[in-house]
Amino acid sequence: MSKIKEAFDGKKAFIAFITCGDPDLETTAACVRAAVANGAGLIELGIPFSDPTAEGPVIQGANLRALTEGVTTDKIFDLARDLRRDVKVPMVFMTYANVVFSYGAERFLSTCQEIGMDGIILPDLPYEEKEEFLPLCHTYGVDLISLIAPTSENRIAMIAKEAEGFVYVVSSLGVTGTRSEIKTDLKSIVEVIRQNTDVPCAIGFGISNPEQAAKMAGISDGAIVGSAIIKIIEKYGREAAPYVGDYVREMTAGL
């Protein structure tokens, strides 16, 4: 069993997403450590992909910069291996099914186990096709994290019943990115999830300020932030780590 539940033990979890290799892997490592030092309870490491269909322009830009810099899956595994020397919070990869397929699913997931990764999120993997990866995930002790979106409707209970790690609740339709307000009826979605599983759920897509994070954590077990962190890294480049730390501290205080 993974350590993911530890992120939610007795507290609301702040989950930070960081694209690996933007602007370089050394900066990624520094930003992850700064986020953890300032209260991030779980880290999502994004493995860049050339066609990231769930991402808005901010994270698309980070993917492009990282790939241009020459980042590979093997280099990201080395990064995670290094982080695991001192980063004790749960960590998961967020990437696309094609990345895992092209690397070789068994090789990918066995390496995840070897380097201490706790889970994987594949936003383009439909629930109905998760058997492509689930047996291997179970073999190597890697949680395959389910996403539930506003369009999931009558599938919410079905997805929740089989969820592991945590449930990633997508706050609104469309791609990732900061939003001025989130209008989805998330309370009713979370209610259905909680009726069907004890696995914690966290809300992502569109959260950028402490008020939004507090509101989402009030409804669920935590808040996931990506684009707002990537914007800081884009602005400050290789000097971004302390600014990411300050931002995460402010956001976790809001929870």
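For the chain, set up a GNM with springs between Cα atoms under 10 Å and report which of G41, G21, G218 has the largest fluctuation.
G218
What are the aspartates and glutamates whose alpha-carbon lies under 13 Å from the alpha-carbon of K3, with same-chain residues fewer than 8 places away excluded?
Filter leaves D118, D143, E164.
If you find the alpha carbon centre of the stretch 43-100 and of the stretch 220-255, how far apart are they in angstrom?
Taking the Cα centre of the stretch 220-255 as reference, the centre of the stretch 43-100 is 16 Å away.
Of the residues G61, G204, G70, which exhibits the maximal mean-square fluctuation in a Gaussian network model of the chain defined by a 10 Å Cα contact cut-off?
G70
Under a Cβ-only charge scheme (Lys and Arg +1, Asp and Glu -1), can you give me the dipole magnitude of the stretch 199-246 about the Cα centre, in debye to the nearest 20?
Here the stretch 199-246 has a charge dipole of around 100 debye.
For a 32 Å ceiling on Cα separation, which of these pairs sit above it: K161/K235; K130/K235; K11/K231?
K161/K235; K130/K235
Using Cα springs under 10 Å in a Gaussian network model of the chain, which residue among A240, A223, A16 shows the largest mean-square fluctuation?
A240
Taking H as built 1.01 Å from N, whose amide H comes closer than 5 Å to the amide H of D143, not counting residues under 5 places away?
G119, I120
What list do you get for V58, V248 if you sort them by fewest beta carbons within 10 Å?
So the residues, fewest neighbours to most, are V58, V248.
For E129 and K3 in the same chain, what is the full-extension length gain: residue separation times 0.36 nm, less their Cα-Cα distance, in nm?
Length gained between E129 and K3: 42.9 nm.
To the nearest 20 debye, what is the magnitude of the charge dipole of the stretch 4-249 about its Cα centre, counting +1 on the Cβ of each Lys and Arg and -1 on the Cβ of each Asp and Glu?
Charge dipole of the stretch 4-249: 680 debye, to the nearest 20.
Readers should treat all values here as calculations from the given coordinates under stated rules, not as data from a laboratory. What you see is a predicted model; the values in this text were computed from it and never measured. Counting neighbours? That spans all protein chains shown, and the Cβs are built from the backbone with ideal geometry, glycine included.
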